[in-house]
1. Regarding the range 227-239, can at least one residue be identified that is out of contact with any Lys or Arg (no Cβ under 7 Å at 6 or more places or on another chain), more than 16 Å from the ligand (Cβ to nearest atom), open to solvent by 50 Å² or more (accessible area, probe 1.4 Å) and outside any helix (DSSP H, G or I)?
2. As an exercise: evaluate Val27 against (1) of a type in the set (A, V, I, L, M); (2) closer than 22 Å to Pro240 by Cα; (3) more than 18 Å from the chain's Cα centre (by Cα) and give the number of the one condition it does not meet.
3. I'd like the full set of residues that are part of a loop (DSSP other than H, G, I, E, B), over 20 Å from Gly30 (Cα atoms) and hydrophobic (A, V, I, L, M, F, W, C), limited to the range 156-204.
4. Only one of Ser24, Ser44 is within 29 Å of Gln235 (Cβ to Cβ) and either assigned to a loop (DSSP other than H, G, I, E, B) or within 14 Å of the ligand (Cβ to nearest atom) (or both). Can you tell me which?
5. Arg119 - would you say it is of a type in the set (Lys, Arg), within 16 Å of the ligand (Cβ to nearest atom) and not in a helix (DSSP H, G or I)?
6. Within the range 47-73, work out how many residues are away from the ligand (no atom under 13 Å from the Cβ), open to solvent by less than 50 Å² (accessible area, probe 1.4 Å) and either free of Cβ contacts under 8 Å to residues at least 12 places away in the same chain or not in a strand (DSSP E or B) (or both).
Amino acid sequence: MMQVVIARNVCKRYGATEVLKDVSLEVAQGEVLGIIGPSGAGKSTLLRCLNQLEGIDSGDLYVNGEFAGYRVGSDAFHQLPDAEVARQRAATGMVFQRFNLFAHKTVLDNVTLGPIVVRKATRRAAEAHAVELLAQVGLGGFEARYPSQLSGGQQQRVAIARALAMQPTVLLFDEPTSALDSELVGEVLDVMRDLAASGQTMLVVTHELAFARAVCSRIAFMEAGRIVEVGTPQQIFNQPLMQRTREFVQRATSPVSVH
Ligand code: ADP
């Protein structure tokens, strides 16, 4: 099976703080990998490195078989030009906690801008695709609205349509429901569940453990910059190999836990 994402011994520091310590991970095509763990574990940083919003200090990242950010020459690594980095980044569609829509652009423009600018799509083709994607996330008819006229759940669904418009190889979700009022969480998780069922490769950083358990094909538990354990939901939630995983899962799923 084709590995869409490969991280090998990735290290990342901010100043003296080691945020990712020797992180290695593989994600196959069509897989939905959940990433769980306490706050500060490095989960978001890992996604940001995969999306090339952050550089790494050592190790290798491959997306789609391409070495992220660099071309490997005969004698050295050459940093890719900006347009190439933009093309690579477009293969890793990112959905952020706080949506990050363009506030002064309509829903339709938010979804078509990337394909037109980065993928050189015609406006007509980009708009036709955007209308389809908006219908897919349950927002048919919202094309002319502005983000401020939408609920948080609707804005996040626009953000998912925007990411999909770039036809990404892998979608990266960075706690996509944690900024939402609780009654809006379900509509976003439903869209993500449909995407997972359609075979979209996804990495999902989430505190929604019930969702992760039901939808993810595998789950990685991260703590203090390391991947402690990767396994099926059954393994991670019912028979974790590592004591730290057991403690986290027990605490996070206990009825008295306070987040
Ligand atoms: P998580 O997503 O698991 O909560 P993060 O990846 O956001 O963890 O953060 C991991 C660690 O890196 C934390 O200790 C955080 O304070 C630190 N960190 C994240 N971003 C920065 C930054 N831009 N500068 C300095 N430290 C950062």
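The values are calculated or read from the model by the stated rules, or taken from the named source; none is laboratory data. Everything numeric here is computed off the predicted structure, so don't read it as measured data. Positions of Cβ are backbone-derived with ideal geometry, glycine not excepted, and every protein chain shown enters the neighbour counts. Areas reflect the complete protein model, heavy atoms only, side chains present, ligands, DNA and RNA absent. Shrake-Rupley method; radii C 1.70, N 1.55, O 1.52, S 1.80 Å.
1. Taking every residue of the range 227-239 in turn, at least one turns out to be out of contact with any Lys or Arg (no Cβ under 7 Å at 6 or more places or on another chain), more than 16 Å from the ligand (Cβ to nearest atom), open to solvent by 50 Å² or more (accessible area, probe 1.4 Å) and outside any helix (DSSP H, G or I).
2. With (1) of a type in the set (A, V, I, L, M); (2) closer than 22 Å to Pro240 by Cα; (3) more than 18 Å from the chain's Cα centre (by Cα) applied to Val27, the lone miss is (3).
3. Ala179, Leu180
4. Values: Ser24 fails: either assigned to a loop (DSSP other than H, G, I, E, B) or within 14 Å of the ligand (Cβ to nearest atom) (or both).
When all the criteria are applied, what remains is Ser44.
5. Details: of a type in the set (Lys, Arg): yes; within 16 Å of the ligand (Cβ to nearest atom): no; not in a helix (DSSP H, G or I): yes.
No, not satisfied.
6. 5
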